[in-house]
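Colleague: Have a look at this one.
Laboratory data are not the source of any read-out in this text; all were calculated from the coordinates shown. Remember, predicted model here, so these are calculated numbers, not experimental data. Ideal geometry is used to build each Cβ from the backbone, glycine not excepted, and the neighbour counts take in all protein chains shown.
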Amino acid sequence: MRIGILGGTFDPIHFGHIRPALEVKEKLNLDTVWLMPNHIPPHKSSTCVSTEQRLEMVQLVCEQYDEFDLCDIEAKRDSPSYLVTTLKQLRNEHPNDEFYFIMGMDSLVSLPSWYEWKSIFELCHIVVSQRHGWCLKPDSTVYEEYEHRLSPSNQIPAQSTGLIIPVEIAPQPYSSTEIRHQLLNGIISANALPSKIIKFIQKNSLYQP
């Protein structure tokens, strides 16, 4: 199987996560996309709601969209969610599958700050979605890797790991930070959040003062 992976805190999960993942799946002809909530994000101090609540929200999205499956491998871990550790475990458990890790250009720019970042290319392909205001400059640490590993998005890779695949996606004007701020002020946007997530947030009084 060709499996996309979208990781994140999903605090909360919203259409800024969902729609790009659906586009990537379609454009790269992936079999499925795993939504993988972090438990202890290495680049963030904490989340606003519990891991269990974030897992429940992601599961609700997976029930609504057949294209997604929940991957709780990092949520079950009591240590920081380093991607290279996760990918090694997934490769051991699924040796015949190919993994396509989905990230924004902002994450690719910061990739050299990730734990054992060069080893990630030995374990998966990286799919990069363009993000407004972010571009890769020639003096970037990851620029040489980008140039060396760049692959057209309209071709099925001949190799199982190691490529960087850029994908053009429709811009999504949503961020978890802004959504949390709106929820804190009693504003709920049906344009940003699936109805099942809105109901879950309301039922559990999440993101309130």
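Colleague: Once you put a point 7 Å from the Cα of L136 and another 7 Å from the Cα of I156, both along the Cβ direction, what distance in nm separates them?
Modeller: Rounded to a tenth, the inter-label distance reads 2.5 nm.
Colleague: Further, regarding this structure: Return the sequence-ordered ³J(HN,Hα) values of segment 8-18 in whole Hz as given by the Karplus equation 6.51 cos²θ - 1.76 cosθ + 1.60 applied to θ = phi - 60°, using x for Gly and Pro.
Modeller: Each residue of segment 8-18 in turn: x, 6, 6, 10, x, 6, 8, 5, x, 8, 5 Hz.
Colleague: For the chain, the longest stretch holding no trypsin sites (Lys or Arg not before Pro) located in a DSSP loop with at most 14 other Cβ atoms within 10 Å is which? Kindly include the intermediate steps, with their values, before the conclusion.
Modeller: Details: sites that count: K44, K76.
Longest gap between qualifying sites, sites excluded: 77-209.
Colleague: Report, to one decimal in Å, the Kirkwood hydrodynamic radius for segment 138-209 based on all distinct Cα pairs.
Modeller: Details: mean 1/r = 0.0626 Å⁻¹.
The answer is 16.0 Å.
Colleague: Quick check: pseudo-label points 7 Å beyond the Cα along Cα→Cβ at S113 and E67, how many nm apart are they?
Modeller: 3.0 nm
Colleague: May I pose another question? Please work out, to two decimal places, the log10 of the ratio I(q)/I(0) at q = 0.10, 0.11, 0.15, 0.17 Å⁻¹ from a Debye calculation in which every Cα of segment 1-139 carries one identical scatterer.
Modeller: Each listed q corresponds, in turn, to -0.31, -0.38, -0.74, -0.97.
Colleague: Here's another thing I want to ask about it. Please list 67-75, 106-114, 186-194 highest first by mean number of surrounding beta-carbon atoms within 10 Å per residue. Spell out each step's value before the answer.
Modeller: Values: 67-75: 18.9, 106-114: 17.0, 186-194: 14.1.
Ranking, from highest mean packing down: 67-75, 106-114, 186-194.
Colleague: Rounded to the nearest 5, what % of DSSP beta bridges with both residues in segment 1-106 are antiparallel?
Modeller: Numbers: 0 of 14 bridges.
The antiparallel proportion sits near 0 percent.
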